[in-house]
Amino acid sequence: MTFSFLSRPTWVVLFSVLTLSACGNESTKAVPKTAKIKQSEATLTQNTDWAKHGNSDFEERFSTLNQINSANVGDLGLSWYIDLLGDSGQEATPLVVNGVMYTTSAWSHVYALNPITGEQLWHFDPKVSKTVAVKGCCGPVNRGLAYSDGKLFIGAFDGRLIAINAKTGKLVWETQTVDTTQNYTITGAPRIANGKVFIGNGGAEFGVRGYVSAYDQDTGEMRWRFYTTPGDPSKPQENPIHNETVKTWSGEFWKLGGGATAWDSMAYDPELNLLFVGTGNSSPWNPRIRTQGKGDNLFVSSILALNADTGSYVWHYQTTPQDGWDYTATQHMILADLDIKGETRKVIMQAPKNGFFYVLDRTNGNYISAENYVPVTWAEGIDDNGRPIINPAAKYWEQDKPVLVTPAWTGGHNWHPMSYSKKTGLVYIPAHEMSFPYFDDKEFDINNPLSLAVNLGVDVAPASFPDNPEVIKAIKAGTKGHLSAWDPVAQKEVWRVQYDGPWNGGVLSTAGDLVFQGSAAGFVNAYNATSGEKLWEFPAQTGVVAPPITYQINGEQYITVSVGWGGIFPRMTGPMTQISNSDPVNRSRLMTFKLNGKARLPETQGTLRAMQTLDEIEFDATMAKAGHADYERYCAGCHGTGAVGGGVVPDLRYSAAITTSAGFSAIVSDGVLASRGMVGFKKELSPERIEALRHFVIDRNKFAHSIGDTQRTSR
């Protein structure tokens, strides 16, 4: 007996492709609910801060510290840890400024800590409503803060930009940066330059128009805003350049949002006074629906250079013209001066989702070079002008069947920051190896682009896992990740560390000949920066996706990293998150290491939870089939494709709510759990469709029992 609604030929193709291709005073357990504000015990003597998101405006994520080095890293031990609020993905880059550590956690909480002991100095809760969770594609994550002139700045998940007194933790000012009637969120860290705070937003999957804004760091007053796509052609454009870019769009695109949200990466060149902004995918993904399959659709999936003072356009480079695959260019950008063919070039480097590593002249945006750093099938290469040579077979919107494309929408590289070592000259990339069957969504509701559904224009139902354990095993085996040491001048890989799965953490490199990276399998690792040899590992008890930092206090070097499994990959991809026969769960912490650290993590509290048998529950296979598409459109982004949870939010197959229509409807329709982030979908889904959803989840429960996959680890 099977319960799959996926056509067999799709997965035959996919199978073929993938098979080819604490203790003592050094440990702080829980975050205190209250704490007196204290000055850090550290002095400024022999201190080295990590005062900016990427450790400098150039975003290299490289440190000149070398007390911890390839010769002694084996003596690295846990110095202290704290538990963070929010059982969701932890993606923040901490800051260390003037002897105090500042960091964030999920739901935009902010902490000030003693960087030697982990003692909490203060905690700021922006009180983001959990009902906003449904507006975000990838969980209520936050990637960190900016600091300037005694103030901290955070982009809260609900769209506010907030300034906090760094000494007291008190609110200085806040301003709402988005239209709260639309599905905007903020997860990225702000940047600072010339007295201004820069912030973008996310929401392209839900039908919004992207932009980046600058605010006065003292008052919160908006100084300028740059929209990343043109507006209604019948009205004046807000930015003059869009009088030209609008010619690269067709149809009534502005009614669908447009996308190109600036949801993460930025960099700043003080000499050129240029702010570099990476833009995201189009809204919706599907070019046929968005612009009748016409035009490049600027500035989707592009790198923008803007005048930091005025926000005026200077140049752009589009990595994926017309983007139909969610190949964002919001990935980490690094500025450097490289010797290329005997000439020193001021460059900007990026490894966006589309699988190519780009080196551009940052003074004018001119193309220098690009090579694929992971397997690529959507393009046959990059021509001499820097334009991709698109493979016609990858244009799923022109076909009537699923098209397997590499990389997947997760990208060859996602938000996890890479690092450029000034010592080795290498860029260290956290890379993914994954494919995805894109399928034109013939039932896309063009009249309801701003609903709570994920409006991709791509039918994701064919991407659900088939009801064949051997094929599932083969798919997982063909979906991997690796750490790549990349030579940006020669455009080639020097070495790699292979992982069993993707979604491994961001990267730090140091002058101690070390590269630090956490893994999805739950370890913090150190590698030799020249050879890739693993020199040290520490079991983190949870998947690690955030990037480490390093700092020095009183002459002693520390390594700090946020740990906590989460993000879109575990939320969306279900079975693929079970890496190395492990079952990742979220344990949200901040961990700090030093040479000869003696602290210990507590014993894990995880227990095996058995799935209930629903043999006595009334079940209708026809309704289950009808509920499949709605599940993937409305539910899979949080609860996993095919109703298989990824260790962050509840696996619905285990929920008692699916046993009764009334209980299920109270949650899914009426939103009785809205205070926990599960809003109701009464406006989007009829009672009949909600009941069909319930039968689909029951169907998945029955299939799990049929293959013996009925236990999961819980915290």
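The values are calculated or read from the model by the stated rules, or taken from the named source; none is laboratory data. Predicted model, so just to flag it, every value in this text is computed and none were measured. FYI the Cβ positions are ideal-geometry reconstructions off the backbone, even for glycines, and counts take in every protein chain you see.
For (1) touching a helix residue (DSSP H, G or I) at 6+ places or on another chain (Cβ under 8 Å); (2) acidic (Asp, Glu); (3) buried (at least 16 other Cβ atoms within 10 Å of the Cβ), each residue gets a yes or a no:
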residue: Lys353; (1), (2), (3): no, no, yes
residue: Phe357; (1), (2), (3): no, no, yes
residue: Thr363; (1), (2), (3): no, no, yes
residue: Asn372; (1), (2), (3): no, no, yes
residue: Trp378; (1), (2), (3): yes, no, yes
residue: Asn385; (1), (2), (3): no, no, no
residue: Trp397; (1), (2), (3): yes, no, yes
residue: Asp400; (1), (2), (3): no, yes, no
residue: Val403; (1), (2), (3): yes, no, yes
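Based on this model, can you work out whether Val561 counts as assigned to a loop (DSSP other than H, G, I, E, B) and buried (at least 21 other Cβ atoms within 10 Å of the Cβ)? Considered against the rule, which asks whether it is assigned to a loop (DSSP other than H, G, I, E, B) and buried (at least 21 other Cβ atoms within 10 Å of the Cβ), Val561 comes out as no.
Please work out if Asp125 is of a type in the set (Asp, Glu) and either within 16 Å of the chain's Cα centre (by Cα) or more than 24 Å from Val544 (Cα to Cα) (or both).
Against the criterion (of a type in the set (Asp, Glu) and either within 16 Å of the chain's Cα centre (by Cα) or more than 24 Å from Val544 (Cα to Cα) (or both)), Asp125 does not qualify.
What are the residues in segment 451-479 that are acidic (Asp, Glu) and either assigned to a helix (DSSP H, G or I) or at pLDDT below 75 (or both), if any? Selection gives Asp467, Glu470. Just one of the listed residues (Val497, Val489) is hydrophobic (A, V, I, L, M, F, W, C), more than 17 Å from Phe538 (Cα to Cα) and in contact with a strand residue (DSSP E or B) (Cβ under 8 Å, 6 or more places away or on another chain), and it is Val489.
What about Leu298, is it closer than 17 Å to Gly365 by Cα and part of a strand (DSSP E or B)? When the stated conditions are applied, Leu298 does not pass them.
Of the residues making up segment 184-199, those that are surrounded by fewer than 24 Cβ atoms within 10 Å (Cβ to Cβ) and either modelled with pLDDT under 95 or part of a loop (DSSP other than H, G, I, E, B) (or both) are Asn194, Gly195.
Among the residues making up segment 75-95, those that are farther than 22 Å from Phe62 by Cα, hydrophobic (A, V, I, L, M, F, W, C) and assigned to a loop (DSSP other than H, G, I, E, B) are Leu84, Leu85.
Determine, yes or no, whether Ile690 is out of contact with any Phe, Trp or Tyr (no Cβ under 6 Å at 6 or more places or on another chain), surrounded by 21 or more Cβ atoms within 10 Å (Cβ to Cβ), β-branched (Val, Ile, Thr) and outside any strand (DSSP E or B).
Values: out of contact with any Phe, Trp or Tyr (no Cβ under 6 Å at 6 or more places or on another chain): yes; surrounded by 21 or more Cβ atoms within 10 Å (Cβ to Cβ): yes; β-branched (Val, Ile, Thr): yes; outside any strand (DSSP E or B): yes.
The answer is yes for Ile690.
When you check Pro375 against the structure, is it modelled with pLDDT under 95, farther than 26 Å from Gly257 by Cβ, assigned to a loop (DSSP other than H, G, I, E, B) and not acidic (Asp, Glu), yes or no? No, not satisfied. Considered as a group, the residues in segment 114-135 that are part of a helix (DSSP H, G or I) and β-branched (Val, Ile, Thr) include one that is nearest to Gly99 (Cα to Cα), and that residue is Val132.
Only one of the listed residues (Ser105, Ser88) is crowded, with 24+ Cβ neighbours inside 10 Å and touching a helix residue (DSSP H, G or I) at 6+ places or on another chain (Cβ under 9 Å). That residue is Ser88. Evaluation of Lys255 against the conditions (1) surrounded by fewer than 23 Cβ atoms within 10 Å (Cβ to Cβ); (2) assigned to a loop (DSSP other than H, G, I, E, B) shows that the sole unmet condition is (2). Within segment 272-283, one or more residues are over 25 Å from the mean Cα position of the chain (by Cα) and assigned to a loop (DSSP other than H, G, I, E, B).
Considering each of Thr175, Thr181, Thr168 in turn, give the residue that is in a loop (DSSP other than H, G, I, E, B) and at pLDDT 95 or above. Let's see the steps before the verdict.
Details: Thr175 fails: in a loop (DSSP other than H, G, I, E, B); Thr181 fails: at pLDDT 95 or above.
Going through Thr175, Thr181, Thr168 in turn, just one is in a loop (DSSP other than H, G, I, E, B) and at pLDDT 95 or above: Thr168.
Specify the residue that is surrounded by the fewest Cβ atoms within 10 Å (Cβ to Cβ); the eligible residues are those in segment 480-503 that are touching a Leu at 6+ places or on another chain (Cβ under 7 Å) and not in a strand (DSSP E or B). Looking at the filtered set, the residue picked out is Val489.
Just checking, does segment 203-216 include any residue being surrounded by fewer than 22 Cβ atoms within 10 Å (Cβ to Cβ) and assigned to a loop (DSSP other than H, G, I, E, B)? Checked against the condition, which is being surrounded by fewer than 22 Cβ atoms within 10 Å (Cβ to Cβ) and assigned to a loop (DSSP other than H, G, I, E, B), segment 203-216 yields no hits at all.
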